[in-house]
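Below: one structure, written as structure tokens.
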Amino acid sequence: MIAFHLPIIPPKATSQGAGKRIVMINGKPMFFKNKKAQAAENDLTTLCLPFRPLAPIEGPVSLKIDFVWPWRKSEPKRRIALGRVPHTSKPDCSNVVKMIEDCMTKLRFWNDDGQVSSLQITKAWGDRVGIYVAIEPIESANAPNAAAGTSKPNQQERLF
């Protein structure tokens, strides 16, 4: 298992809304990220670099990411006293995770981000600001069934 904390305010710029610019060069469209999105991606890549594995993880991967933004100045003190509070505004979970997932793919945490077969994302306002990441290879629970040639799902698989 690889687990680490990135001491950074999670970026609001996402890969989805990276503000891509399209410039026509010799009649062909060229796509560029805006400076804010590129800076956020560079920061994430630099912060993830010390945690990358010696060799890329093979097979399916479980990825858990917890984004914690600092309290807003307008936040009522009674709400801050409750501790972490879910972050329900933009960016949405599916977009905010893509940039860090792409950075980890570029750094060869795994060979392809398609290997991430289990993904848990949380967003919150809180005191301990940053991005918390946990990566774990998924062991095949059905290895004995696969070897025997049966494809009958077990009871737990039917629940989902």
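FYI, it's all coordinate maths here, none of it is from the lab. Keep in mind that this is a model prediction, so the values were computed, not measured. Note that each Cβ is placed from the backbone with ideal geometry, even for glycine, and that neighbours are counted across all protein chains shown.
Starting with the fewest neighbours, write out H87, H5 ranked by other beta-carbon atoms found within 10 Å of each beta-carbon. Walk me through the numbers on the way to the answer.
On the way: H87 19, H5 15.
Listing H87, H5 from fewest to most nearby Cβ atoms yields H5, H87.
When L107, L54 are arranged by Cβ crowding within 10 Å, least crowded first, meaning fewest neighbours, the order is L54, L107.
Pairs of Cα atoms in region 29-72 fall into 5 Å distance bins, from 0 up to the last occupied one, in shares of 5, 13, 13, 22, 19, 15, 10, 4, 0 percent. Dividing the mean sequence gap of close Cα pairs (under 8 Å, 6+ apart) by how many residues region 2-139 holds gives a relative contact order of 44 percent. Summing charges over neighbours of V68, with a neighbour being any other residue whose Cβ is under 14 Å away from its Cβ, gives +3 when K and R count +1 and D and E count -1.
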